[in-house]
Amino acid sequence: MLGSGSLSTKWTTYLGLLSVLSTAFSPVFAVKEHDWKKCDQSGFCRRNRAYADHALSAISWESPYKIAPETGSFKDGQYQAIILKTINDHGETVRLPLTVSFLESGTARVTIDEEKRQKGEIELRHDSKARKERYNEAEQWVIVGGMTLDKGAKVDYEDKTQMTVKYGPSSKFEATIKFAPFSIDFKRDGASHIKFNDQGLLNIEHWRPKIDPPPEPEKKEGEQQPDKKEEAPREDDSTWWEESFGGNTDSKPRGPESVGLDISFVGYEHVFGIPSHASPLSLKQTRGGEGNYNEPYRMYNADVFEYILDSPMTLYGSIPFMQAHRKDSSVGIFWLNAAETWVDITKGKDSKNPLALGVKSKITTRTHWFSESGLLDVFVFLGPTPKDIISKYAELTGTTAMPQEFSLGYHQCRWNYVSDEDVKDVDRKMDKFNMPYDVIWLDIEYTDEKKYFTWDKHSFKDPIGMGKQLEAHGRKLVTIIDPHIKNTNNYPVVDELKSKDLAVKTKDGSIFEGWCWPGSSHWIDAFNPAAREWWKGLFKYDKFKGTMENTFIWNDMNEPSVFNGPEVTMPKDNLHHGNWEHRDVHNLNGMTFQNATYHALLSRKPGEHRRPFVLTRAFFAGSQRLGAMWTGDNTADWGYLKASIPMVLSQGIAGFPFAGADVGGFFGNPDKDLLTRWYQTGIFYPFFRAHAHIDARRREPYLTGEPYNTIIAAALRLRYSLLPSWYTAFRHAHLDGTPIIKPMFYTHPSEEAGLPIDDQFFIGNTGLLAKPVTDKDRTSVDIWIPDSEVYYDYFTYDIISAAKSKTATLDAPLEKIPLLMRGGHVFARRDIPRRSSALMKWDPYTLVVVLGNDRKAEGDLYVDDGDSFDYEKGQYIHRRFIFDANTLTSADYEGRDDASIKEGEWLKKMRTVNVEKIIVVGAPAAWKGKKTVTVESEGKTWAAAIEYNPAEKSRAAFAVVKKVGVRVGADFKIVFG
Ligand SMILES: *[C@@H]1O[C@H](CO)[C@@H](O)[C@H](O)[C@H]1NC(C)=O
């Protein structure tokens, strides 16, 4: 959804003009860059960069932060001490309480606060009502587990200058805390991996009173100015007390209060993470130089319509979790701070330590983090595998919610379906053109004048009738509900928001008013428990009339987007519940709103316990627990198609894998090739939705004409047939944070060449390796083959031979999706074409067994009712398939005993669902002439017919058993040889 009324109008005019000029002309649109701050327009960014420049160029620089050793104590896995910051030449200091916590999981946490502010011994300017403490509640929203202290952590060494703590599993981690200047060196197996304040950039801007300079003596005409005495250069305080941008002034009642720290990844050449940016997976350097950025990566959730590609500028959501990878080693950090945050990245030889022990690549990546306010609070993960750091991060912030199963299907959206008749018509046409889909979406125009929880009575006369037509094929409706509430008469929602005092306030404590879609609006403050409670009530079926059980919700504009606010969002001195400034909580705002909606959907009707589905645009660490995200307002241009892959991969490795980009591109009009290729890519996004701007031409996939319609329908069918495998991948994401689509570094951390590859990926544990075509007029792709396993073309079973360089060239004319199967995997499909995922619920399964070089294969399948929370009570099927010694077996994935599971209604019904077909790719020649295989299950043994197809040219031999007839939930054994 586009975020600025005035720009929207301009856009319309521009587009109108363009279509007159030429329809083939494909313009490249750039965000109004000057609407968003560059580093030097953000006071604390400028100050922290200047601090770094000074520290790094000074001949002798010593960081002014020292632990007072006598204040230190170590107990139960936690070290506490006071850091003294020297603030002037007289040796005056400020006390900064430090806590280093060693957690049972092997994660360490370093927190620095400010004593005066903890005690409230500061004065706020402008009679501000804001809290005096540094914001210390981010953990309350973000952290859900993994915080047990490691009682086994112990001080291994201590003297007057430093101490070393050993911690983590089998004490293989250690942290050496140096007292003066303060620094921490995190080691694994004796070698340094992560260093804090190694460069001396730690910077906690302590509170200080504003001292107004004495007024300048009035200058008299003709009088000589007396020579001023030479003064010591002062710190640049021009941005301490007030800042203006784009006509908005931030009153900054607490003055300067940023926190900054340098974090070095010793011997690591690649860093990944900190989404969302339209940037490569392996993050670029940010301090200039050829091919590098000049600006730091920024995280300040913003409505950046028409964002530009290959840029560190902020987008709609932020996850301040960064990972460093090199061959066979991964480490990471999580910067828990919800204020505006910037990260500078530089790489270089480790000059201080040129012979870094056991480090082959001598490049070290140095990062410099700074946030405008709040605590300095950092978690450290020491790996050693990508899976280790991602699962430890997930332990803290939670995993992907088990999704509504329908939400893995295809979503059809545009701004806007104009009436209930329009929706019903699209629904019928999708069927007519044999295009499966699960969800149709309504953007803002369905409402009565942008008043959420109402319908436009002229165009949506019968929402229930519309919902019922969708329900007939198991389909769903998603309606948009945004956090801005129209400020108007005769609208009970805004009346209650005001009378119950549940809205975000201005710095003076009055209700905040700004502009968004409805014009003048107020914003619900979802940090307030009473506001969340009230929000729940609005979604009850009898309150939000026209919705039914198949209605779900889209939360847009929740950065929040405020058209007339600074950087299209709220003033930073606005106040939230508890009198926390918006400055402190900005990046959490979107998550608390999505959470309010999530909980509202949980309580629409007493006794209804169904999984919510809520799409969000703004997000933070932890949002993965609440639903899906998309990458915001992209453009119908090949560059955006290409950029969507690293963006979605980046979400996946940062713990929020339920991600996708608008298929087709939001702005503009994709040509037919682009639209087709976008569908062929979108089927691999965990969240698969097409969307279009109100000024874009209609582009429902069936409007594309032949041969495109057939090609797109085939892509949709591919997604639908693989839904069982997608759902299984979501299960793993839910269990331990595993990404759903996986970049090469994740699956093959030992392959140096694969670490930065971000245009191909594996799907879950299926061994399916996809490399979508994202270039105009391309009819082949070069795919990197990460190992010496055998790979087959998904569609033809051709054996793929990779050259020495490990790349294989795959033919990819428009109708072809480059998709390989890696040997050694078993994955599940449902092959009967249906209109929606709900209609596939009781369909039989096909197992594809892709034999590896060693003639073995393994895989799994997870199934539950896809809708309720009964899976939490054991109501699911999770099978592990192993093919070995010519025998395929199926056993419970967790080794559960069948008899121990009390079957509910859904499990009972699943007794009728079979594995019907088995395809063995790479079948051994010895099977030639075989007519049957032996199936054993549930105490019975029978023969099933097998059809063997010998190898032919480059095509591998394969065998098909068509009527296996085993229950998918039962143990079985099938003997092939
Ligand atoms: C979500 O809402 C629930 C219920 O109001 C509350 O307990 C929880 O703290 C909230 N979490 C987030 C992340 O907003």
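The values are calculated or read from the model by the stated rules, or taken from the named source; none is laboratory data. Being a predicted model, the structure only gives us computed values, none of them experimental. Glycine gets a Cβ as well: all are built from the backbone with ideal geometry, and neighbour counts include every protein chain shown. What goes into the accessible areas is simple: the full protein's heavy atoms, side chains included, and nothing from ligands, DNA or RNA. Shrake-Rupley method; radii C 1.70, N 1.55, O 1.52, S 1.80 Å.
Some notes on this structure:
- Oblate is the label for segment 397-501. Its Cα gyration tensor axes, ordered a ≥ b ≥ c, give a/c of at least 1.5 and b/c at or above a/b.
- Computed FRET value (nearest 0.05) for LYS540 with THR912, which takes r as the C-beta separation and R₀ as 30 Å: 0.25
- With all protein chains in place and ligands, DNA and RNA left out, the 1.4 Å accessible area ranks ASP793, ASP787 as ASP787, ASP793, largest first.
- Among the trypsin sites (Lys or Arg not before Pro) within segment 352-461, those in coil by DSSP and having at most 14 neighbouring Cβ atoms inside 10 Å are LYS352, LYS360, LYS457, LYS461.
- Segment 95-196 has equivalent-ellipsoid semi-axes of 31, 18, 10 Å, by the square roots of 5 times the alpha carbon gyration tensor eigenvalues, sorted largest first.
- Its relative contact order, with pairs defined as Cα atoms under 8 Å and 6+ residues apart, puts the chain at 10 percent.
- Estimated distance in nm for a label pair at GLU947 and THR779, the labels positioned 7 Å out from Cα along Cα-to-Cβ: 3.2
- The H on the amide N of ARG955, modeled in the peptide plane, is under 5 Å from the matching H of ILE799, each at least 5 residues off or on a different chain.
- Loop-located GluC sites (Glu not before Pro) in segment 41-120 (DSSP state other than H, G, I, E, B) with a sparse environment of at most 13 neighbouring Cβ atoms within 10 Å: GLU62, GLU92.
- Sulfur and carbon atoms: percent of accessible area, the chain [1.4 Å]: 51
- Cβ-placed point charges (K, R +1; D, E -1), dipole of segment 568-615 about Cα centre in debye, nearest 20: 340
- Residues of the chain: accessible area per residue with a 1.4 Å probe, Å²: 38
- Radius of gyration, Dmax [segment 744-975; alpha carbons; angstrom]: 19.1, 57
- Pairs spanning more than 24 Å between alpha-carbon atoms, out of LYS38/LYS642; LYS461/LYS540; LYS37/LYS132: LYS38/LYS642; LYS37/LYS132.
- For segment 744-975, the dipole from Cβ point charges (+1 on Lys and Arg, -1 on Asp and Glu) about the Cα centre works out to 980 debye, to the nearest 20.
- Leading residue at positive end of dipole, the chain (Cβ point charges), from THR766, ALA951, LEU84: ALA951
- Of the GluC sites (Glu not before Pro) found in segment 256-315, the ones in coil according to DSSP and having at most 10 other Cβ atoms within 10 Å of their Cβ are GLU290.
- On the beta carbon distance between ASP212 and GLU706, with R0 = 45 Å, the FRET formula returns roughly 0.05.
- Since only GLN875, PRO403, GLY929 are under comparison, the one whose Cα sits farthest along the positive direction of the charge dipole of the chain, derived from C-beta charges on Lys, Arg, Asp and Glu, is GLY929.
- For the pair ASP425 and THR86 in one chain, pulling the backbone fully straight at 0.36 nm per residue adds 115.0 nm over the alpha carbon distance.
- Here ASP448 and ARG855 are evaluated by their C-beta separation; at R0 = 60 Å the FRET efficiency comes out at 0.40.
- Length added when fully stretched, ASP843-HIS126, from 0.36 nm per residue minus Cα-Cα: 251.4 nm
- Ranked packing of 194-200, 964-970, 73-79, most packed first, by mean Cβ within 10 Å: 194-200, 964-970, 73-79
- The H on the amide N of VAL790, modeled in the peptide plane, is under 5 Å from the matching H of GLY823, ASN853, each at least 5 residues off or on a different chain.
- Partnerless cysteines, meaning none of the other Cys C-beta atoms lie under 4.7 Å away, in the chain: CYS413, CYS516
- Close amide H pairs (under 5 Å, H built 1.01 Å from N) link ILE308 with VAL31, residues at least 5 positions away or on another chain.
- In segment 406-742, a dipole from Cβ-located charges (positive for Lys and Arg, negative for Asp and Glu) runs towards its positive end, and of LEU718, MET591, GLN412 it is LEU718 whose Cα lies farthest in that direction.
- Ranking by accessible area, most exposed first, for HIS473, HIS206 with a 1.4 Å probe: HIS473, HIS206
- Kirkwood Rh, angstrom, the chain [1 / mean 1/r, Cα pairs]: 29.9
- Value of [θ]222 nm, deg cm²/dmol, for the chain, DSSP H segments ≥ 4, -39500 (n - 2.57) each, nearest 500: -5500 deg cm²/dmol
- Built from the Cα atoms of segment 406-742, the convex hull projects on average onto 16.5 nm², one quarter of its surface area.
- In order along segment 652-669, the Karplus-derived 3J(HN,Hα) couplings, from 6.51 cos²θ - 1.76 cosθ + 1.60 at θ = phi - 60°, round to x, 7, 9, x, 10, x, 7, 9, x, 10, 4, 5, x, x, 5, 7, x, 10 Hz, and Gly and Pro are given as x.
- Ranked from largest, the principal axis spans of the Cα set of segment 65-124 equal 41, 26, 15 Å.
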